[in-house]
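Below is one structure; the comments refer to it alone.
Where a number appears in this text, it was derived from the coordinates with a stated rule and is not lab data. Because the structure is a prediction, the values reported are computed rather than measured. Please note: Cβ atoms are built from the backbone with ideal geometry, for glycine as well, and neighbour counts cover all protein chains shown.
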Amino acid sequence: MVLLSDLLAHPRDGTFDLKKPSAEGGMKDTHVAYLSQVVENPKLGENCLPLKDAIKSFSNWLGGDAVFKNVYFPSIKWTGTLRVNRKDYLKVCGNATKHGFLRLDRMVKLVKRILHDNGKVIDDGEVYLVLPDFIEWFRENVVFASASQIAWHLNEIRWGIYDYLSPEFKRSFEPTKVMSGAQMYRYKYPNGLSDPLIKSIYWDLMNEVRSAPSVPRFNPSPPLSDIY
């Protein structure tokens, strides 16, 4: 949940001289949106279709709403039906995993808006009361049930990245000498790549595609894939 929460976080201007990405659907205002820029303007390969399809599929899922009946929040004595954007409840639960109670002010505002949109108006103090109920209910009833679907989307993106970068790895990889039985190697950097930090990132990126992703492609569990 922590890593997923980081991926869904709001990017800041200026990191690595990057501007906040623009994207539609569920990718909007997330770090995953940078992948949309890659497939729209590829620099290291041409086979973007699997990655583009995986990104679009995850974005559509994230941007959609799920409807939950008989939700019960005992702290405010409320039972009802909630329609909630998937990205919103994942961000609330993810941020609660990595942040203490005093750093959840943004999530308090988000939960207040969610309840307001569903016809339940409460003040800020009541939101702090209901926040633990909200997190507990969604973790136990929704997040775990959605886990296979989320894992499938992320794995498809991982495989899409691998398919996209594999031709660049084959072009760049250059075996050198053998030392103590181990094959040494180097990478032929793309033309014009000179910044030491970016070269180091490129090296690490190529190392990531020396072998296929460790998790094979799979389909989400049928009983769980369409619950929420």
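For helix 86-98, report the angle its Cα long axis makes with the longest principal axis of the Cα atoms of the chain; keep it between 0 and 90° and round to the nearest 10°.
80 degrees
With charges set only on the Cβ (+1 for Lys and Arg, -1 for Asp and Glu), what does the dipole of the chain come to about its Cα centre, in debye to the nearest 20? Present the calculation step by step, with values, prior to reporting the outcome.
Working: 30 positive and 26 negative charges, 62 e Å.
Roughly 300 debye for the chain.
Going by average Cβ neighbours within 10 Å, how do the peptides 156-168, 105-117 rank, with the highest at the top? Provide the component values of the computation, followed by the final result.
Numbers: 156-168: 18.8, 105-117: 16.5.
Those peptides, ordered most packed to least, come out 156-168, 105-117.
Compute the distance from the alpha-carbon center of the range 184-216 to that of the range 59-136, in whole Å.
Distance between centres, Cα-based: 41 Å.
Pairs of Cα atoms under 8 Å, at least six residues apart: use those to get the relative contact order of the range 149-228, whole percent. Could the numbers behind the result be given before it?
Working: 53 pairs, mean separation 32.8, N = 80.
RCO, the range 149-228: 41 percent.
Round to the nearest 10 and give me the degree value, 0 to 90, for the angle of helix 49-63's Cα axis relative to the longest principal axis of the chain.
Once rounded, the angle reads 10 degrees.
Of Lys177/Lys199; Lys19/Lys120; Lys19/Lys170; Lys52/Lys109; Lys20/Lys52, which sit over 27 Å apart, Cα to Cα? Could you put the intermediate results ahead of the total?
Working: Lys177/Lys199 21 Å; Lys19/Lys120 37 Å; Lys19/Lys170 31 Å; Lys52/Lys109 33 Å; Lys20/Lys52 19 Å.
With Cα atoms farther than 27 Å apart: Lys19/Lys120; Lys19/Lys170; Lys52/Lys109.
Take the Cβ-Cβ distance between Asp17 and Tyr72 as r, set R0 to 41 Å, and report the resulting FRET efficiency rounded to the nearest 0.05. Write down the numbers at each step before the final one.
Numbers: r = 48 Å, r/R0 = 1.17.
The computed FRET efficiency comes out at 0.30.
Could you tell me what a quarter of the Cα convex hull surface of the chain works out to, in nm² with one decimal place?
Numbers: hull surface 62.6 nm².
Its Cα hull, projected and averaged over all orientations, spans 15.6 nm².
Picking from Val84, Val127, Cys48, whose Cα lies most toward the positive end of the charge dipole for the chain (charges on Cβ: Lys, Arg +1; Asp, Glu -1)?
Cys48
Against the longest alpha carbon principal axis of the chain, how many degrees, from 0 to 90 and to the nearest 10, is the axis of helix 144-172 turned?
20 degrees
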